[in-house]
Amino acid sequence: MPTIITCFKWVVDESYIRQGTAGELDFSVVDYRISDYDRNAIEEAMRLKAIYGGEVLALTAGVPEATKSIKDALSRGPDRAFFAVDPSFGGLEPAQTAALLAAVVKAHITPYDLILCGEGSGDLYAQQVGPRLAEHLGIPSISFVQKVDIQEGKVIAERRVEEGIEVVAATLPALVTVLPDINVPRIPGVKDTLMASKKPVLSLKKEDLPPIPEPYLQTLEMKTAKLSRACEKFGSDDAEINRFLNALRKKAAI
Amino acid sequence: MGGIWIVAEKKEHALELLSIGRFLGNKMGTNLSVFSWRDQDACFDYIAHGADEVLLPTPPAADQSIDVLLPVIAGEAQMHHPDAIFFSATARCKDLAARLAARLSAGLCSNCIGLSYDEGAKNIIMERLAYGGAAIQKVACRIRPVMATIPPGTFARGDSDTGRKGQCRELPAPPTSALKIIELKKRTREIKDITEARVIVAAGRGFEKQEDLTLVRQLADRLEGEIGCTRPVSEENRWLPVELCIGLSGVQVKPDLYFGLGVSGQVQHVTGIRNARVIAAVNKDENAPIFSVADLGIVGDIYDVVPKLLQALNKG
């Protein structure tokens, strides 16, 4: 029966980000949540478990404040969680996150059969952690997958490429990153949340893990991507509709 | 050694990257190389478009995934120490780029939408979107090679100079892939590529049922445009093919007119319409975020407004 690892990230809910006076990002009222894409990865792991049995392990790296995310992840079904936690594990770049996750997998979750990740994170959307993690572990990776199955020690996946769908097979263990339309993630109920508190969590501190690389990238600037368009609003009666169409004509848009 | 390297699956993408690569190469005084495994006869074209060297790995067999190129490119990089490697951000190449970056212990700027050279700092500056498109992040690499994946269509193809000189070099055959391609299901039905459409009418969550999308089709037809949609319409409702989904996880469009119907304007979608010349929208919620990024907006119910628009257009 397969051991499936599902990775997730606790991210800023971007709809709460405000624009500061100088165009800087204002995070003062933000809330956090499990990255949308990772919810699909967790759900897919649970779907496979429902068919093949085995165990689903949730894995994340983050700051102590992300402890909330563990219960959230476990309420979505996984049996146990692994949490690489340190105040310095915030704002990591993909290379660092992948190195951390690889270290936890190697030391604490080997052997395993399949690793599932979201196609990218809700905040940086670099789409790197999955394939980088696979490279650290020396296993095959299949990205942008819309359908996945396990058959006779292999993972069979439909990956979406520019020309259509490529059906690929790889010997387990392997890593798969899933697209958001692969499933509809469950909404945990009260009972799921209660059960989640009783599930085992292994927290690993910085001292328990090998050192991670220094950042390779330097962020020189992070500014709000504002579209400076002053919206002219119109009503919906006939006169307003005509005024609207004339405005479009004036802009030579129609 | 050094140099700027281009890796792309398709010739048209390689040509776009050669154009920005040549620009940076001239500023940095370095050579430009391009990997070509599908179009072995494209050497002349690549050289005419700015390549100094065309590297020719043996094309993978039909059942081999392009991840077989990983050891080939990594081997070349460990031998020749490129200054930068730019990948076309197609699905397979994004995977390849991330794995190569991990193997070379290098940084990677994903989905880079702007490149420039800081002559003072002697560094390549890269721009990308973050937080679902709410922010623009400017990054530089602390170590070499500088790596980035660049979405197709980000840079325009340059002019061809048939007098340019360059060389082609064959690379060793790749090992066997860990991935086995069982089947490539090419798209059977022809789906419009809306990235070049002049007018796009986009359907959002405001539509109650699939049949109601005829309103979108009618308006698009009347305006001689194409239809597009937001992610929930294609991925949750599955009312339209994913190829028509505009936004961060879909396509980026640059029409003369983008017309959103029942589109709320979440950042992930708005990211895909940043480059539209005129943005118009109809939404019944006057506080919908789409109105803060639109040029013109009608506050009203799409079921009431769209028929009125069609009627007025047919009259005038």
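Which angle between 0 and 90 degrees, to the nearest 10, do you get for helix A:94-108 versus the longest principal axis of chain A when only C-alpha atoms count? So the helix axis and the longest Cα principal axis differ by about 20 degrees.
Its Cα centre serving as origin, the protein assembly as shown has a Cβ charge dipole (Lys and Arg +1, Asp and Glu -1) of approximately 300 debye.
Of the chymotrypsin sites (Phe, Trp or Tyr not before Pro) found in segment A:24-80, the ones in coil according to DSSP and having at most 14 other Cβ atoms within 10 Å of their Cβ are A:Phe27.
If you keep only loop residues by DSSP, which GluC sites (Glu not before Pro) in segment B:213-316 have at most 14 other Cβ atoms within 10 Å of their Cβ?
For GluC sites (Glu not before Pro) across segment B:213-316 that sit outside H, G, I, E and B with at most 14 neighbouring Cβ atoms in 10 Å, the list reads B:Glu224, B:Glu286.
Rg/Rh, computed from the Cα trace of segment A:3-208 with Rh as the Kirkwood radius, has the value 0.96.
Annotation: lysines with alpha-carbon distance below 16 angstrom to A:Lys206 (same-chain offsets under eight excluded): A:Lys106.
Normalised by the number of residues in segment A:3-208, the mean separation of alpha-carbon contacts (under 8 Å, six or more apart) gives a relative contact order of 26 percent. In the structure shown, the pairs A:Lys71/A:Lys191; B:Lys209/B:Lys254; A:Lys9/A:Lys68; B:Lys10/B:Lys254; A:Lys251/B:Lys284 are assessed against 20 Å; a Cα-Cα span above that value is assigned to B:Lys209/B:Lys254; B:Lys10/B:Lys254; A:Lys251/B:Lys284.
From the alpha carbon centroid of segment A:89-105 to that of segment B:47-121 is 23 Å. Taking the DSSP bridge list for the protein assembly as shown and keeping only pairs wholly inside it, about 40 percent are antiparallel. DSSP assigns beta bridges within segment A:3-208; of those with both partners inside it, close to 40 percent run antiparallel.
Expressed as a whole percentage, what fraction of the accessible surface of segment A:3-208 belongs to carbon and sulfur atoms when a 1.4 Å probe is rolled over the protein heavy atoms? For segment A:3-208, the apolar C and S fraction of the accessible surface comes to 54 percent.
Between A:Ser88, A:Ser35, A:Ser69, the GNM of chain A built on Cα springs shorter than 10 angstrom shows A:Ser88 fluctuating the most.
Sparse packing (at most 16 other Cβ atoms within 10 Å of the Cβ) combined with a DSSP loop state is found for the following GluC sites (Glu not before Pro) in segment A:100-158: A:Glu152. In chain B, helical runs assigned H by DSSP with n ≥ 4 each contribute -39500 (n - 2.57); averaged across all residues and rounded to the nearest 500, the mean residue ellipticity at 222 nm is -7500 deg cm²/dmol. Can you tell which of A:Lys205, A:Lys49, A:Lys147 shows the greatest fluctuation in a Gaussian network model of chain A with Cα springs below 10 Å? Highest fluctuation of the listed residues: A:Lys205.
Helix B:69-80 sits at what angle to the longest principal axis of chain B, using alpha carbons and giving 0 to 90 degrees rounded to 10? On a 0 to 90 degree scale, this one is about 50.
Taking the longest Cα principal axis of chain B as reference, the axis of helix B:91-103 is set at about 40 degrees. Mean separation of Cα pairs under 8 Å and 6 or more residues apart, divided by the residue count, gives segment B:194-316 a relative contact order of 24 percent. With all pairs of different C-alpha atoms in the average, the Kirkwood value for the hydrodynamic radius of segment B:158-264 is 16.9 Å.
When the pairs A:Lys154/A:Lys199; A:Lys233/B:Lys308; B:Lys27/B:Lys192 are compared against a 27 Å limit on Cα-Cα distance, A:Lys154/A:Lys199; B:Lys27/B:Lys192 fall above it. For the pair segment B:130-183 and segment A:124-173, the centres of their Cα atoms are 20 angstrom apart. Rounded to the nearest 100, the interface formed by chains A and B buries 7200 square angstrom of accessible surface, both chains summed, with a 1.4 Å probe. Using just its DSSP H runs of length 4 or more, each adding -39500 (n - 2.57), chain A gives a mean residue ellipticity at 222 nm of -8500 deg cm²/dmol after division by all residues.
Taking B:Leu215, B:Leu261, B:Leu248 in turn, the Gaussian network model of chain B (Cα-Cα springs below 10 Å) assigns the largest fluctuation to B:Leu215. In the protein assembly as shown, the alpha-carbon atoms span a convex hull of 166 Å³ per residue.
The values are calculated or read from the model by the stated rules, or taken from the named source; none is laboratory data. Note that the structure is predicted; figures quoted are calculated from it, not measured. For neighbour counting, all protein chains shown are included, and Cβ atoms are generated from backbone atoms with ideal geometry for every residue, glycine included. SASA here: full protein model, heavy atoms, side chains in, ligands and nucleic acids out. Shrake-Rupley method; radii C 1.70, N 1.55, O 1.52, S 1.80 Å.
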